[in-house]
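> Attaching a single structure in structure tokens format; questions to follow.
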Amino acid sequence: MTEPIRILMCAPDHYDVDYVINPWMEGNIHKSSQERAVEQWGGLHQILKQHATVELVPPQKGWPDMVFTANAGLVLGDKAVVSRFYHPERQGEEPYFKAWFEENGFQVFELPKDLPFEGAGDALLDREGRWLWAGYGFRSELDAHPYLAKWLDIEVLSLQLVDDRFYHLDTCFCPLQGGYLMYYPPAFDFYSNRIIEMRVPEEKRIVVEEPDAVNFACNTVNVGNIVVMNKASNSLKAKLEAAGFTVLETPLTEFLKAGGAAKCLTLRTTEPIDPQVSANDSVVSQTVTMRGHLLDTGLIDRALDLIQEGGGSFQVLRFDLGKQRQSISTAEIRVSAAFQGILEEIVAQLIDLGAEARPQDEKDATLTPVEMAGVSPDDFYVTTIYPTEIRVHGDWVRVQGQRMDGAIAVSETSDGVVARCKLLRDLELGEKVVTGISGIRTVRKPESRETRSSEFSFMSSGVSSERRVELVVDQVAWELRQIRDRGGKTVVTAGPVVIHTGGAEHLSWLIRNGYIQGLLGGNAIAVHDIEQSMLGTSLGVDMKRGVAVRGGHRHHLNAINLIRRHGSIANAVEAGIITSGVMYECVKNGVPFVLAGSIRDDGPLPDTMMDLIEAQTAYSKLLEGADSILMLSTMLHSIGVGNMTPSGVKMVCVDINPAVVTKLSDRGSVESTGVVTDVGLFLSLLVKQLDRLTTPYPTPVATR
Ligand code: ARG
């Protein structure tokens, strides 16, 4: 015995576009014709009456979207979960729909307040009753899904919507009789598309193209083998007919202006249930705490965006706002995701922002043994530049050798637990690596409002004006002097542009005067520096007159050849072959340098390391303990250096190309400053300022 199909509708007496809560409504305020809306709604009503029993809920003045009864709630058997609308504009509909469900004998379930769920607009039953497809991302929260599973005793498959034109699941997804599914794949994220493909065999998937999707073809009412929709292209009609469906088109253009069509205007109140099914959902959650200047530094914004973009959903459980400028705020955020894997990816990124587990859920880190040297176990935690701690046997241990893009290797010795950042290639057999996300925290220095905003105003200008460059130079000069005077360490990474732009004499001055404790570069900076010091040209261009000299194209090769004859740069300096320049000063002042080779190198110089693994190791060794790094017009070496450097080391990146500066300064850390300017000019200003700082003030004459 089959029960008659029942459908709930609501007449458009008060329908209009009164506000904008989806992209379709934009520009359409009061643009719909009441007369045409009544006529179109009547057309749909007429068709459906021939195939089902249509019931009506009385329309209410002031609630223009009530015509969209799909959003009344979700019905299964004699149970109804009444909607909690996301937008206040529609929340007033809730009591009317609830009353209708109660009057019609449904057992009504209500979600917690502040947990949005928009009914059958975002939850669609498989037409065989095997499971419930539930959408989230715009109007409904993922955290509502476990309630649906439990109350309706059904398996829930969560799908993330990613295109705001398709903000409700029923705008882009339509399960059809016989296990068919008509849908628009680009409206869903990658994982959701995989779930759909796993559940619905290819021959049952009717993929809709964008032109049909924007005509709301997926917003279809399916009764038996009839599909009723606003409009379909010939090709879509052909596909549906081939699958055994009869397509009935009925214009609903007035409702498209509010972002709805056929299916939204209906709520099916008799749904098939497969008695075999039982409650199930894959939604997982975890609660984290964040502390700091959450609002004024934008940290909370970044965290919430990251959750959303990562495919998760959140609820802020608690937010204690620090009342004063210097006081710290604390937030407790519950993160949910459709799967464990997605949740872990999101939480790992939150850890990088400084999020921690609540004290009551703190766990030890998961340690997984390395099974093949140089290869990490899967799912390892990827390190950042921030100081990191891991929990082992209940104690927090600081990770040593902090750097980006490594794994955390843990060994237990008689002196206790040692945790180290290691490159994948350096992992040893039997060593343990931190995997997953438990027991890891990064220690973020609380960013203050001041540092953050000065950094923003500096970076946001794109190209720094001359006055700005001077200001940064003053700042850098001050810091370089402080570091030198307290016996600290400044490392320079420099490209050949430093030489071409006439910066060699200034960089030489910095080295000679004790401001630089290490130099990193490639083959080219050394070659051109030596060429200039020996022959007065840089890549064959006369540095004094700025013109190419005859035969100059071979100058750099002559320079390379000469050094090769002597065996090393140092030998050439000792032999009196090189008498000035950057490399000369390094040798004379005992400043160590590392030159890392590349595929395009001429020569190379005997000092250039052509084994890149060796060069990387030498770079990171020289960088150990650095207080500041000057990155002068070399993208590749600077990025390499940036990856090896923990937060807390002041980095100044100078390049004429704003893109390079942004890339390097954008480490999400307040310690980096970018300067878009000519590097030769920058160095000359820096030297001038340092020189001035060293000139003693005239002794003040006592007045009185
Ligand atoms: N203007 C309504 C809203 O934005 C349209 C609802 C359409 N309903 C649907 N199930 N797609 O909420």
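Bear in mind these aren't lab numbers, they're just calculated from the coordinates by the rules spelled out. If you're wondering where the values come from, they're calculated on a predicted model, not measured in any experiment. Cβ: placed from backbone, ideal geometry, glycine included. Neighbour counts: every protein chain shown.
> If you count, for each residue, the other Cβ atoms within 10 Å and average over each peptide, how do 581-587, 148-154, 371-377, 469-475 line up from highest to lowest?
For the peptides 581-587, 148-154, 371-377, 469-475, the packing ranking is 581-587, 148-154, 469-475, 371-377.
> Once the mean 1/r over all distinct Cα pairs of the chain is inverted, what Kirkwood radius in angstroms do you read off?
Final number for the Kirkwood radius of the chain is 30.2 Å.
> Would you mind counting up the charge near Gln517? Only other residues with Cβ under 15 Å from its Cβ, with Lys and Arg at +1 and Asp and Glu at -1.
Value of the local net charge: +3.
> Next question, about the same structure. What is the sum of charges, Lys and Arg at +1 and Asp and Glu at -1, for the other residues whose Cβ falls under 15 Å from the Cβ of Gly680?
-3
> What shape does the range 77-157 take by its C-alpha gyration tensor, where a ≥ b ≥ c are the square roots of the eigenvalues and a/c under 1.5 counts as rounded, a/b above b/c as prolate, and the rest as oblate?
oblate
> Once phi is turned into ³J(HN,Hα) by the Karplus curve 6.51 cos²θ - 1.76 cosθ + 1.60 with θ = phi - 60°, what whole-Hz value does each residue of the range 209-221 show in order, with x for glycine and proline?
8, 4, x, 6, 4, 6, 8, 6, 4, 6, 8, 10, 9
> Please list, ordered by chain and number, the residues whose modelled amide H lies under 5 Å from the amide H of Leu56; skip anything fewer than 5 residues away on the same chain.
For Leu56, whose amide H was placed from the backbone, the distant partners under 5 Å are Met9.
> Taking the beta-carbon count within 10 Å as an exposure proxy, list Met610, Met9, Met543, Met198 from fewest neighbours to most.
Arranged by neighbour count, lowest to highest, Met610, Met9, Met543, Met198 become Met198, Met610, Met543, Met9.
> Quick one: dipole size for the range 82-221, taken about the Cα centre, charges +1 on Lys/Arg Cβ and -1 on Asp/Glu Cβ, in debye to the nearest 20.
In debye, rounded to 20, the range 82-221 gives about 220.
> Something else: So for the pair Lys688, Met610, with labels modelled 7 Å out along Cα→Cβ, what separation do we get in nm?
The answer from the label model is 4.3 nm.
> Which one of Ile154, Leu294, Gly581 has its Cα pushed farthest toward the positive end of the charge dipole of the chain, where Lys and Arg give +1 and Asp and Glu give -1 at the Cβ?
Gly581
> Rounded to the nearest 5, what is the percent of antiparallel bridges among the DSSP beta bridges in the range 129-241?
50 percent
> Let me ask something else. For a footprinting-style exposure proxy, rank Ile516, Ile437 by other Cβ within 10 Å, fewest first.
Going from sparsest to densest Cβ surroundings: Ile437, Ile516.
> So, one more: Hey, which aspartates and glutamates would be in cross-link range of Lys363, C-alpha to C-alpha under 14 Å, not counting anything within fewer than 8 residues on its own chain?
Glu389, Asp395
> Here's something else I'd like to know. Just want the answer: with Cβ charges of +1 for Lys and Arg and -1 for Asp and Glu, which residue in Gly244, Met372, Tyr167 is farthest toward the dipole's positive end in the chain?
Looking along the dipole axis, the top candidate is Met372.
> I need the phi-derived Karplus couplings for the range 327-338: 6.51 cos²θ - 1.76 cosθ + 1.60, θ = phi - 60°, integer Hz, Gly and Pro marked x.
So the Karplus estimates, Gly and Pro as x, are 7, 9, 9, 10, 10, 10, 10, 9, 9, 10, 9, 6 Hz.
> Turning to a different aspect of this structure: Take the alpha carbon gyration tensor of the range 557-701, find the square roots of its eigenvalues, order them as a ≥ b ≥ c, and report rounded if a/c is under 1.5; if not, report prolate when a/b exceeds b/c, else oblate.
oblate
> Report the one residue of Gly603, Gly625, Tyr15 whose Cα lies farthest in the direction of the positive end of the charge dipole of the chain (charges on C-beta: Lys and Arg +1, Asp and Glu -1; origin at the Cα centre).
The one lying farthest along the dipole's positive direction is Gly603.
> Which trypsin sites (Lys or Arg not before Pro) in the range 301-360 sit in a loop by DSSP (not H, G, I, E or B) and have at most 16 other Cβ atoms within 10 Å of their own Cβ?
Lys323, Arg325
> A further question follows. List the lysines whose Cα sits under 17 Å from the Cα of Lys150, skipping any in the same chain fewer than 8 residues away.
Straight-distance partners of Lys150: Lys79.
> By how many degrees, between 0 and 90 and to the nearest 10, does the Cα long axis of helix 612-623 differ from the longest principal axis of the chain?
The helix 612-623 is inclined about 80 degrees to the chain.
> Could you order the peptides 199-212, 236-249 from most to least packed, using the average number of other C-beta atoms within 10 Å per residue?
Output ranking for 199-212, 236-249: 236-249, 199-212.
> Could I ask something else about it? Using a simple charge model, +1 on the beta-carbon of Lys and Arg, -1 on the beta-carbon of Asp and Glu, nothing else, what dipole does the range 3-107 show about its Cα centre, in debye to the nearest 20?
Here the range 3-107 has a charge dipole of around 140 debye.
> Which value, in debye to the nearest 20, gives the size of the charge dipole of the range 168-296 about its Cα centre, when Lys and Arg are +1 and Asp and Glu are -1 at the Cβ?
Rounded to the nearest 20 debye, it is 80 debye.
> Using only the alpha-carbon atoms, how far is helix 466-485 inclined from the longest principal axis of the chain? Give it as 0 to 90 degrees, nearest 10.
For 466-485 against the chain, the angle is about 60 degrees.
> Go through the range 492-576 and name the trypsin sites (Lys or Arg not before Pro) that are in a DSSP coil and have 15 or fewer other Cβ atoms within 10 Å of their Cβ.
The qualifying sites are Lys544, Arg545, Arg550.
> Near Lys61, which lysines are there with a Cα under 21 Å away, not counting those fewer than 8 places off in the same chain?
Lys31, Lys98, Lys257
> Okay, next question. Using a ≥ b ≥ c from the Cα gyration tensor of the range 608-675 (square roots of the eigenvalues), is it rounded, prolate or oblate, where a/c under 1.5 gives rounded and otherwise the larger of a/b and b/c decides, a/b for prolate?
The shape class here is oblate.
> Still on this structure, please answer the following. Could you work out the helix-only [θ] at 222 nm for the chain, with each DSSP H run of four or more residues adding -39,500 (n - 2.57) and the total divided by the number of residues, to the nearest 500 deg cm²/dmol?
Dividing the helical sum by the residues of the chain leaves -9000 deg cm²/dmol.
> Determine, for each peptide in 264-275, 53-64, the mean count of other beta carbons within 10 angstrom over its residues, then list the peptides with the highest first.
Packing order, densest peptide first, comes out as 264-275, 53-64.
> On to the next question. Taking amide H positions as placed 1.01 Å from N in the peptide plane, with prolines and chain starts having none, which residues 5 or more places from Lys79, or on another chain, fall under 5 Å of its amide H?
Gln107
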